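Enquirer: Following this message is one structure expressed as structure tokens.
The values are calculated or read from the model by the stated rules, or taken from the named source; none is laboratory data. Predicted, not measured: the structure shown is a model, and the values here were computed from it. Ideal geometry is used to build each Cβ from the backbone, glycine not excepted, and the neighbour counts take in all protein chains shown. All accessible areas refer to the heavy atoms of the entire protein, side chains included, with ligands and DNA or RNA removed. Shrake-Rupley method; radii C 1.70, N 1.55, O 1.52, S 1.80 Å.
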Amino acid sequence: MSSLDHVVNIEDLRRMARRRLPRVLFDYIDGGAGDDAGVRRNRLALDAYCLRPRYLVDVSERSLATTLWQTRYAAPFGIAPVGLVGLFRSKGELLLAQAAREAGVPFVLSGASIATIEDVARAAPGYAWYQLYPAREARISLDMLRRASQAGIDVLVLTVDLPVPARRERDIRNGFDFAIRMSPSLLLDGLSHPGWALEYVARGGLPAFGNWAPYAAAGASAREVAEFFVSHSYATQTWGDVEVYRRAWPGKFVLKGIQDRDDARRAAELGVDGLIVSNHGGRQLDCLPASVDVLPAIRAAVGDRLVVMVDGGIRSGSDVAIALSLGADFVFAGRAPTYGVAGAGLAGAARALAILRDGLDAAMGQLGVRSIDGLRPELIERPRAAATA
Ligand SMILES: Cc1cc2nc3c(=O)[nH]c(=O)nc-3n(C[C@H](O)[C@H](O)[C@H](O)COP(=O)(O)O)c2cc1C
């Protein structure tokens, strides 16, 4: 019996990740801003929607495939950018990229990754997207765009929802730091999670932020690269920067973190190709609305001018069906595949994607829907109590 035989849902993978990772890392993945209210709200919002089934329809043939900008994907969801995955699991981003390629769905490499743009692009040709965290020096950001484009990446995601650091209570309590330092409590945490700790030691301790290393001082240690990354984080970003990156990027250009209708319209006017409606998985501010709750208004504001995508709280195929029915063209999951890869490596990442795919397929069959474009707002049945929330 393999260790994944008992894994039926994302919560099973979450438990595996919690068992394997030191608490400081598990809490960093699992938690959110404040006391996690935004994380809970994303889930509560999805739980409040129901979908109305239509029976007596021939659903013997179903297709989950969908096309974004002339690229065909096997399913209407992908892996959202998540920082530090290579610290949770050796080569973590490469494993996620491989799982995405094998599942035929996109993987968005985080701007705070351990793996490099070039390695990920090689691991998942045609499926790797790149998420930029701009540096304080434009030359660094523009060089990252050049590298991504040269590596054959077609889609750039600019994340806009980090103007200032978030206040995450679990991370504050745990003393989380990008440049992790060995303290007595971390040592104890590591010793009680030997699977992770042995791998950490075997590969030489703290891994470096691969994409930032070339810009740090020559010969900088992983800790110094992390400090360099932190010194460039939360660079001021304005609509002027969006115009600069739009001009500099030859491929499709996506803004991630948009929650406001006027911001969405403005993005469309500036030649942005797509939006990811997102509250960063509840990680930036605890009092933001659930992303699926603002999705219909954003869709209405931009119509078909932009590809509208969404993330936040996706843990099942039914969640994907709800998000698509609410008006999204595409959906991303962050924690679900991250729990998978952290807890069980490539097989765990693949299992997370299979859980979403199989659940969506089952939901479509039950709803009387044969293809993704059949998931439409008419299917949404929202309980009255939740509708006033
Ligand atoms: C541990 C962690 C790290 C993240 N790092 C990034 C990041 O580097 N860049 C980014 O744009 N979003 C980042 N996000 C946000 C995700 O891209 C995504 O918006 C969010 O995870 C979606 O919510 P979900 O986790 O409930 O699916 C991160 C999320 C988590 C959980």
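Enquirer: Once Rh for the range 287-389 is found with the Kirkwood sum over Cα pairs, what is the Stokes-Einstein diffusion coefficient at 20 °C and 1.002 mPa s, in µm²/s? Walk me through the numbers on the way to the answer.
Expert: Working: Rh = 14.6 Å.
Rounded, D is 147 µm²/s.
Enquirer: Tell me, what ³J(HN,Hα) does each residue in the range 255-270 have, in order and in whole Hz, if you take phi through Karplus 6.51 cos²θ - 1.76 cosθ + 1.60 with θ = phi - 60° and put x for Gly and Pro?
Expert: 3J(HN,Hα) across the range 255-270, in whole Hz: 9, 10, x, 6, 10, 10, 4, 5, 4, 5, 5, 5, 4, 4, 5, 8.
Enquirer: Mind checking the range 146-214 for trypsin sites (Lys or Arg not before Pro) that DSSP puts in a loop (not H, G, I, E or B) and that have at most 13 other Cβ atoms within 10 Å? If you can, show how the numbers build up before the last one.
Expert: Values: sites: Arg146, Arg147, Arg167, Arg168, Arg170, Arg173, Arg181, Arg203; in loops: Arg167, Arg181, Arg203.
Sparse-neighbourhood loop trypsin sites (Lys or Arg not before Pro): Arg167, Arg181, Arg203.
Enquirer: Bin width 5 Å, alpha-carbon pairs only: give the P(r) of the range 1-79 as whole percents, running from 0 to the bin holding the largest distance.
Expert: 3, 9, 10, 13, 17, 18, 15, 9, 4, 1, 0
Enquirer: Another question about this same structure. Work out the FRET efficiency for Arg203 and Glu102 from their Cβ-Cβ distance, taking R0 = 25 Å, and round it to the nearest 0.05. Before the final figure, lay out the partial values.
Expert: On the way: r = 24 Å, r/R0 = 0.96.
Taking R0 as 25 Å, the efficiency between Arg203 and Glu102 is 0.55.
Enquirer: Mind listing P(r) for the range 215-272? All alpha-carbon pairs, 10 Å bins, whole percents.
Expert: Calculated P(r), rounded to whole percents: 19, 35, 26, 17, 3.
Enquirer: Once the piece of chain linking Arg266 and Glu224 is laid out straight, how much longer is it, given 0.36 nm per residue of separation minus the C-alpha distance between them?
Expert: Numbers: separation 42, 0.36 × 42 = 15.12 nm, distance 3.81 nm.
Answer, rounded to one decimal: 11.3 nm.
Enquirer: Right, here's the next one. Can you work out the FRET efficiency for the pair Phe176 and Ala362, with r the C-beta to C-beta distance and R0 = 30 Å, to the nearest 0.05? Let's see the in-between values first.
Expert: Numbers: r = 38 Å, r/R0 = 1.25.
For Phe176 and Ala362, the calculated efficiency is 0.20.
Enquirer: With each label point set 7 Å from Cα along the Cα-Cβ vector, what nm distance links Arg54 and Ser3?
Expert: Using points 7 Å along Cα→Cβ, the separation is 4.5 nm.
Enquirer: For Leu51, enumerate residues with amide H under 5 Å from its amide H, sequence gap 5+ or separate chain, H modeled in the peptide plane.
Expert: Glu381
Enquirer: Oh, and also: What figure in square angstrom, to the nearest 10, would you give for the accessible area of Ile172 with a 1.4 Å probe?
Expert: Ignoring ligands and nucleic acids, Ile172 comes out at about 100 Å².
Enquirer: Given 20 °C and 1.002 mPa s, compute D for the chain with the Stokes-Einstein relation, Rh being the Kirkwood radius over Cα pairs; round to the nearest whole µm²/s. Walk me through the numbers before you get to the answer.
Expert: Numbers: Rh = 21.1 Å.
In µm²/s, the coefficient is 101.
Enquirer: Another question, then. Across the Cα atoms of the range 81-138, what radius of gyration and what greatest pairwise Cα-Cα distance (Dmax) are found, in Å?
Expert: 11.0, 37
Enquirer: If you don't mind, there's one more thing I want to ask. How big is the C-alpha Rg of the range 124-246 next to the rule-of-thumb value 2.2 N^0.38 Å, as a ratio?
Expert: Relative to the 2.2 N^0.38 Å estimate, the range 124-246 comes out at 1.24.
Enquirer: Starting from the Cα of Leu188, step 7 Å along the direction of its Cβ; do the same at Glu381; then give the gap between the two resulting points in nm.
Expert: About 5.2 nm, to one decimal.
Enquirer: At each listed q (0.10 Å⁻¹), what is the log10 of I(q)/I(0) that the Debye formula gives for the range 245-339 modelled as equal alpha-carbon point scatterers?
Expert: These q points yield log10 I(q)/I(0) values of -0.25.
Enquirer: Also, I was wondering about something else. Show log10 I(q)/I(0) for the range 307-355 at q = 0.18, 0.20, 0.25 Å⁻¹, two decimals, from a solvent-free Debye sum over equal Cα scatterers.
Expert: The calculated log intensity ratios at q = 0.18, 0.20, 0.25 Å⁻¹ are -0.54, -0.63, -0.85.
Enquirer: Hey, any idea what Rg/Rh is for the range 1-41, computing Rh the Kirkwood way over Cα pairs?
Expert: Numbers: Rg = 12.4 Å, Rh = 11.5 Å.
The Rg/Rh ratio comes out at 1.08.
Enquirer: Another question about this same structure. Take every Cα pair under 8 Å in the range 1-135 that's 6+ residues apart, average their separations, divide by the length, and report that relative contact order as a whole percent. Don't skip to the end; give the middle numbers.
Expert: Working: 136 pairs, mean separation 21.6, N = 135.
Reported as a whole number, the value is 16 percent.
Enquirer: Let me ask something else. Within the chain, what's the longest stretch lacking GluC sites (Glu not before Pro) that sit in DSSP loops with no more than 13 other Cβ atoms inside 10 Å?
Expert: On the way: sites that count: Glu61, Glu137.
Longest gap between qualifying sites, sites excluded: 138-389.
Enquirer: Not counting ligands, DNA or RNA, and with a 1.4 Å probe, what is Met16's accessible surface area in Å² rounded to the nearest 10?
Expert: Number for this one is 20 Å².
Enquirer: In the range 292-359, which trypsin sites (Lys or Arg not before Pro) fall in coil by DSSP and have 14 or fewer other Cβ atoms within 10 Å? Mind dumping the intermediate values first?
Expert: Working: sites: Arg299, Arg305, Arg315, Arg335, Arg351, Arg357; in loops: Arg305, Arg315.
Counting only loop positions with at most 14 other Cβ atoms within 10 Å, the trypsin sites (Lys or Arg not before Pro) in the range 292-359 are Arg305.
Enquirer: Where the centroid of each part is defined by its Cα atoms, how far is the range 95-126 from the range 14-33 in Å?
Expert: 22
Enquirer: Enter the angle in degrees (range 0 to 90, nearest 10) between the Cα long axis of helix 222-232 and the first principal axis of the Cα atoms of the chain, meaning the one along which they spread out most.
Expert: Roughly 60 degrees between the two axes.
Enquirer: Can you pull the accessible area of Val164 for me, 1.4 Å probe, Å² to the nearest 10?
Expert: Near enough 90 Å² of accessible area.
Enquirer: Using a Förster radius of 22 Å, what is the FRET efficiency between Glu137 and Glu243 based on their Cβ-Cβ separation? Nearest 0.05, please.
Expert: On the way: r = 18 Å, r/R0 = 0.82.
The computed FRET efficiency comes out at 0.75.
Enquirer: Tell me the angle of helix 37-48 to the major Cα principal axis of the chain, expressed in degrees between 0 and 90 and rounded to the nearest ten.
Expert: With rounding to tens, the tilt is 20 degrees.
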